[in-house]
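Student: After the C-alpha cells below, expect a handful of questions from me.
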There are 2 protein chains.
Amino acid sequence: MYEQIKEVVSSLINLNEVELNYFISKLQVKHFNRKEIILQEGQICRYAYFINRGCIRYFHNLEGEEITAQFFFENGWYTDYGSYLSGTASTQNIQAIEKTEILLLSKTDLYNLYQTIPQFEKLGRLMAERAFLGLRQRTEMLTNQTPEERYLNLIKDRPKVFERVPQHYIASYLGIKAPSLSRIRKRIFDKK
Amino acid sequence: MYEQIKEVVSSLINLNEVELNYFISKLQVKHFNRKEIILQEGQICRYAYFINRGCIRYFHNLEGEEITAQFFFENGWYTDYGSYLSGTASTQNIQAIEKTEILLLSKTDLYNLYQTIPQFEKLGRLMAERAFLGLRQRTEMLTNQTPEERYLNLIKDRPKVFERVPQHYIASYLGIKAPSLSRIRKRIFDKK
C-alpha cells in the first residue's frame, strides 16, 4: 500500500529506512466511492492528500454552478493550501471521480516532521513549488488562451484527463460550456 | 541598505549573524527608473528579486495588449517561478512602476544556500507557499468574483495599489477595461 508514496518521496529527498518508516507511520488510509465528497467547502482542510489509487477533482460553487478547478490522479498530492496553512474554512470541494484510495498526512504531523527530520522542509518546498506551477499553468490557460488552445494543450499535456474524467467536468475546467466543448471537438475532428 | 531584507528573513528563519551576513554577501543591488523593464519575456529569469524600495508589476502580452498580473511593493519578493525553476524562457515582463531598488539573489546562490545552510529550505518553502496563496487569490478573484467585488476587495486588502499604481494597470489587473473601472468607481461613489 505504501510502495508508491515511498517511491515518490524518495525521488525527492534522501531518507534512511528509519526515517521513511517513521513518515509512513504517520499516514492514515481512507477510501472513497465514486462521486463521494472528500472535503466540503466550509470545513477546514487539515490534511495533505496523496492519491494512491483513483482520481479526484476540486471545484467551487459559483452561483449554483460547479466550477471544476483541477484534477489529480495516482501519485499526485492535493491540499487546499489556503485552508491548510491558515486554518480557515475551505472554499473548495474535493470529490472522488473514481473509487479512490487516499493516504492522509495531517498538518500537525507534517509540521512535526519539519522539526524532527529537516529534510522534510525540502519536500515541503518542492511540493509548494509544484503547486504554484500547476496553478500558474491553469491561470495562464484561462487568461491567455482561446478555448480551442486550452482544449488542444490539455489533450497534449494530460491525455489521461480525457480517458477518465466526464466531459462536463472537463468543459468546466476549460472555462467553457459543455456544448462549446462538443463544437470544438467536432471542429478539430472535421479538420483531420 | 540591507536592514529590510535582514528583518524579513530573520522573521521567517533563525540565522546567526555569520549566516545572515553570508546570505547578504550573495546579494546584488540594481536600480531601475520608472517604467524601465527589469525582465523581458523570452529571457530566462535567473534571480529572485527582493524589492528594497519602489514598486513593480509583471504583465503578459496578449494579442498586442498588456495584461497586468500582479504588483509588488517594498519588502515583497518576486520571481518568475516557472522560468526560475525550469530554466525556460519567461513569458512574463517585469517593469518598474516607480524608481525601484532591487536586491537580486541568483538561483545558483540560493541552491548553494539550500546545501550549506539547510534553514534556507524552510525559507524556500515559505516563499513558495506565499507565492501559491497570492496566485490563488488572483485566480479566484478572476473566476469567482464580479468586477465590482474585485474592485472592492482590492481596495480593502491592498489600498496601497490605488495610491501608487496607474488606473489602467489596475483595470487590467482586475480583468476589466479602464472605462469599466471608471464606471464601477462612479457607481460605488454615487452610492455613498
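The values are calculated or read from the model by the stated rules, or taken from the named source; none is laboratory data. Predicted, not measured: the structure shown is a model, and the values here were computed from it. For neighbour counting, all protein chains shown are included, and Cβ atoms are generated from backbone atoms with ideal geometry for every residue, glycine included. Please note that ligands, DNA and RNA were not included when accessible areas were found on the heavy atoms of the full protein model with its side chains. Shrake-Rupley method; radii C 1.70, N 1.55, O 1.52, S 1.80 Å.
Student: Can you bin the protein assembly as shown into rounded, prolate or oblate? Criterion: square roots of the alpha carbon gyration tensor eigenvalues sorted a ≥ b ≥ c, rounded for a/c under 1.5, prolate for a/b above b/c, oblate for the rest.
Tutor: On the way: a/c = 1.66, a/b = 1.04, b/c = 1.60.
Cα axes put the protein assembly as shown in the oblate bin.
Student: While we're here: Can you list the residues in the stretch B:116-156 whose accessible area drops by at least 50 Å² when all protein chains are present, compared with the chain alone? Use a 1.4 Å probe, heavy atoms only.
Tutor: SASA drop of 50 Å² or more in the stretch B:116-156: B:GLU121, B:ARG125, B:GLU129, B:PHE132, B:LEU135, B:ARG136, B:THR139, B:THR143, B:ASN144.
Student: Right, next: Along the positive direction of the dipole of the stretch A:145-192 (beta-carbon charges: Lys, Arg +1; Asp, Glu -1; about the Cα centre), which of A:VAL165, A:ILE188, A:GLN145 reaches farthest?
Tutor: It is A:ILE188.
Student: Using a label point 7 Å beyond Cα on the Cα-Cβ vector, give me the inter-copy distances for B:GLU65 in nanometres, one decimal, shortest first.
Tutor: Those separations, rounded to one decimal, come out as 2.0 nm.
Student: Take every Cα-Cα distance within chain A, group them into 10 Å bins from 0 onward, and report for each bin the whole-number percent of pairs it holds.
Tutor: Using 10 Å bins, I get a P(r) of 8, 33, 34, 18, 6, 1 for chain A.
Student: Give the residue list of trypsin sites (Lys or Arg not before Pro) in the stretch B:5-75 that are DSSP loop and have at most 10 other beta-carbon atoms within 10 angstrom. Provide the component values of the computation, followed by the final result.
Tutor: Numbers: sites: B:LYS6, B:LYS26, B:LYS30, B:ARG34, B:LYS35, B:ARG46, B:ARG53, B:ARG57; in loops: B:LYS26, B:ARG34, B:LYS35, B:ARG46.
Loop-located and lightly packed - B:LYS35.
Student: Now a separate question. Cα gyration tensor of the stretch B:145-192, axes a ≥ b ≥ c as square roots of the eigenvalues: rounded (a/c below 1.5), prolate (a/b > b/c) or oblate?
Tutor: Rounded.
Student: Further question: What gaps in nm, shortest first, separate A:PRO118 from its twins in the other copies when you place the label 7 Å past Cα toward the beta carbon?
Tutor: Those separations, rounded to one decimal, come out as 0.5 nm.
Student: How many Å² of accessible area per residue for the stretch B:145-192, probe 1.4 Å? Walk me through the intermediate numbers first.
Tutor: Details: 3040 Å² over 48 residues.
With the other protein chains kept in place, the stretch B:145-192 gives 63 Å² per residue.
Student: One decimal, nm, shortest first: give the distances between the label point of A:GLU7 and those of the same position in the other copies, each label point 7 Å from Cα along Cα→Cβ.
Tutor: 5.0
Student: As a quick test, which of the pairs A:LYS26/A:LYS156; A:LYS160/B:LYS177; A:LYS26/A:LYS99 have an alpha carbon distance above 29 angstrom in this structure?
Tutor: On the way: A:LYS26/A:LYS156 37 Å; A:LYS160/B:LYS177 37 Å; A:LYS26/A:LYS99 23 Å.
Among A:LYS26/A:LYS156; A:LYS160/B:LYS177; A:LYS26/A:LYS99, the Cα-Cα distance tops 29 Å for A:LYS26/A:LYS156; A:LYS160/B:LYS177.
Student: Now a separate question. Mind checking how much accessible area B and A bury in total, 1.4 Å probe, in Å² rounded to 100?
Tutor: Counting protein atoms only, the buried area is about 2700 Å².
Student: A further question on this structure: Taking B:LYS186 as the anchor, which aspartates and glutamates have their alpha carbon closer than 15 Å to its alpha carbon, excluding any fewer than eight residues away along the same chain?
Tutor: List returned: B:GLU148, B:GLU149.
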